[in-house]
Structure formats: C-alpha cells, structure tokens
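Asks: Mind having a look at this structure? Questions to follow.
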Amino acid sequence: MGAGDERASGALDCLHVEASVADRAALAAGLLGAGLRAFHEQGAQKPPIYNLTLPNGWREDPAVSAALSWRRSASLAAGLTDEVERLRLEWTPAAGVPASSGRLTFAEASDEEFLEMFRRIAQGSLDNETRRNLTAMGVEATAREEMDFYLGCPGERSWWRLARTADGQVAGLAIPSATPYNRNVGYLGVVPELRGRGYVDDVLAEITRFQAEAGAELITATTDTCNAPMAAAFARAGYHTAQIRMVYSAPS
C-alpha cells in the first residue's frame, strides 16, 4: 500500500499531429522516438515518461477517447509499453478536517526506522512505481530510492511520523510533503500484517490534519486507479479527483 508523487528522470508532455495526417499514430511514434533518443544522448539515466492529462469522465467523451487512442498507439509503438492511469486528487477546507479516531499515535523517528518502514510497506504494494522498482531493483534499493526521493522534496524531514497502535506496535508511516506549488500527501502506508483494518484512513487523516493545521488551503495527492483501496481512502477523506493522467513508460 502506498501513495506518492511520481518520479521520473524526465517527461514528454506535448504530442500533437495535425488531423490531416493519414497515419497520426505512426508520425507520433516517430516523434516520441526522437524525444527518447534525445534524452538518451543527453545522458538520462532512465527513458522519460510520456504524460497525457485527461478530464474526469473521459471514457464517455468520444472526442477525448479518440485523441487518446492514436497517442496510446504511438506510445506503445515507441516502446513506452507500461501504461498506468493515475488520479490527481485535491482536498480543500470545504471538505472538513478529519478528526482523529484515537486508534493510532504518531511520533517522529530516526532515518533507520523510516527506512525499515519503507522496506516493509513495499511488500505487497499496489502502487505501480513501487512494484516496478521491486521487480527491477529489489526491496533494499526500492526502499532507499523512495526515502531519498522524499528527503529531496520541498517538504521538511521534521514533518515525518511513524504510526503506532495502542499497544505500541508500529502500524505504518505518514509523510506530509510539498511541491514547489503547494502542500501534498507525500507518502503513506500500513505494514502488511495490519492491512485491512482501516488504519489507512487514520494515517491519511493525520497527514490531512497536519497540512490543514499548517494553513494549507489546498492539499494534492496522486494514486493509481489500480490501487483501489488507496483511491477509496482518499474519497472517504474528502479528496476529489481533479484530473486523470495516463502515464506511459518503458518497461523496467
């Protein structure tokens, strides 16, 4: 389980081909291929992803579905064959600040304790990026990459908290974070043995309260649509889907 910010060495964001072109997908694939080669020639560690932002309900809009179709074909033809649909979520004060259930307590902890939590939470995660990294790098490297990413975000390390049950058992972690633009839900998770008990709601509520008490008028978050439990937790906490992104990337 987990939710977090997207990580990539770069991104290809704009792809347009005139409607008069007979095979838009083929031309677009060539454009994406040129972009990928340019990143490689500049020494990029990983191929860039291709992002496409879509409105809510895009599947019911024939024009939007058609615009996605040839871009999707181009992405696959260019080798960006891993497709993930991601929700961009937002919380505002109008949704209300969630109260504490009292089931968990939250406290600061050492880097080593947090690193251990990243290791444990990665196991069985439904987050696509985490699963890709586990396959490619293993648990240890995945945990260290996750932690290094959040240490490098604009949010403060002092905001991080470990969650514990009433009997002192470590239940998960809460990492409120930030982008250059606003506060966000950086990363959260519950250890595998305690999943399915609703603790994800408590951890998300703690992050939301923390950011709201700091004066945030907008809290953003992202999660994969395939991570249904996390998406449902966001909905329960008053986060609404602001937009949808299709993300295409090269296989691990």
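Asks: Can you tell me which of 193, 206 is at pLDDT 95 or above and either under 15 Å from the mean Cα position of the chain (by Cα) or closer than 23 Å to residue 91 by Cα (or both)?
Replies: After ruling out the rest, the residue left standing is 206.
Every residue, every condition in (1) assigned to a helix (DSSP H, G or I); (2) surrounded by fewer than 14 Cβ atoms within 10 Å (Cβ to Cβ); (3) over 25 Å from the mean Cα position of the chain (by Cα); (4) touching a residue at least 60 places away in the same chain (Cβ under 8 Å), yes or no:
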{"site": "20", "(1), (2), (3), (4)": "no, yes, yes, no"}
{"site": "34", "(1), (2), (3), (4)": "yes, yes, yes, no"}
{"site": "56", "(1), (2), (3), (4)": "no, yes, no, yes"}
{"site": "72", "(1), (2), (3), (4)": "yes, no, no, yes"}
{"site": "76", "(1), (2), (3), (4)": "yes, no, no, yes"}
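Asks: Cβ contacts < 8 Å: first residue within 19 Å of residue 222 (Cα to Cα), restricted to the range 123-146; second residue open to solvent by 50 Å² or more (accessible area, probe 1.4 Å) and assigned to a loop (DSSP other than H, G, I, E, B), any location; separation 6+ or different chain. Result?
Replies: Here the result reads 124/195; 126/226; 128/226; 129/6; 132/252; 133/252, each pair linking the range 123-146 to a residue that is open to solvent by 50 Å² or more (accessible area, probe 1.4 Å) and assigned to a loop (DSSP other than H, G, I, E, B).
Asks: Another question about this same structure. Check the range 93-103 and report whether any residue there is part of a helix (DSSP H, G or I) and either among the aliphatic types (A, V, I, L, M) or buried (at least 16 other Cβ atoms within 10 Å of the Cβ) (or both).
Replies: There is at least one residue in the range 93-103 that is part of a helix (DSSP H, G or I) and either among the aliphatic types (A, V, I, L, M) or buried (at least 16 other Cβ atoms within 10 Å of the Cβ) (or both).
Asks: Being touching a residue at least 24 places away in the same chain (Cβ under 8 Å) and either within 30 Å of residue 79 (Cα to Cα) or within 14 Å of the chain's Cα centre (by Cα) (or both), is that true of even one residue in the range 152-160?
Replies: Checked the range 152-160: at least one residue is touching a residue at least 24 places away in the same chain (Cβ under 8 Å) and either within 30 Å of residue 79 (Cα to Cα) or within 14 Å of the chain's Cα centre (by Cα) (or both).
Asks: Among 221, 231, 205, 212, which is touching a residue at least 40 places away in the same chain (Cβ under 8 Å), touching an Asp or Glu at 6+ places or on another chain (Cβ under 9 Å), buried (at least 16 other Cβ atoms within 10 Å of the Cβ) and in a helix (DSSP H, G or I)?
Replies: 231
Asks: Out of all the residues in the range 112-157, which are touching a strand residue (DSSP E or B) at 6+ places or on another chain (Cβ under 8 Å), surrounded by fewer than 17 Cβ atoms within 10 Å (Cβ to Cβ) and assigned to a helix (DSSP H, G or I)?
Replies: Across the range 112-157, the qualifying residues are 113, 132.
Asks: So, in the range 21-53, how many residues would count as being in contact with a Phe, Trp or Tyr (Cβ under 7 Å, 6 or more places away or on another chain) and farther than 16 Å from residue 79 by Cα?
Replies: Final tally of qualifying residues: 1.
Asks: Looking at the structure I just gave you, is residue 245 outside any helix (DSSP H, G or I) and among the basic types (Lys, Arg)?
Replies: So residue 245 passes the test.
Asks: Check residue 170 against each of (1) over 17 Å from residue 208 (Cβ atoms); (2) buried (at least 19 other Cβ atoms within 10 Å of the Cβ); (3) touching a residue at least 40 places away in the same chain (Cβ under 8 Å) and name the one condition it does not meet.
Replies: Of (1) over 17 Å from residue 208 (Cβ atoms); (2) buried (at least 19 other Cβ atoms within 10 Å of the Cβ); (3) touching a residue at least 40 places away in the same chain (Cβ under 8 Å), only one is false for residue 170: (2).
The values are calculated or read from the model by the stated rules, or taken from the named source; none is laboratory data. All values reported here derive from a predicted model rather than from experimental measurement. Using ideal geometry, Cβ is built from the backbone for each residue, glycine included, and neighbour counts are taken over all protein chains shown. Quick note on the areas: whole protein, heavy atoms, side chains included, nothing else; ligands and nucleic acids left out. Shrake-Rupley method; radii C 1.70, N 1.55, O 1.52, S 1.80 Å.
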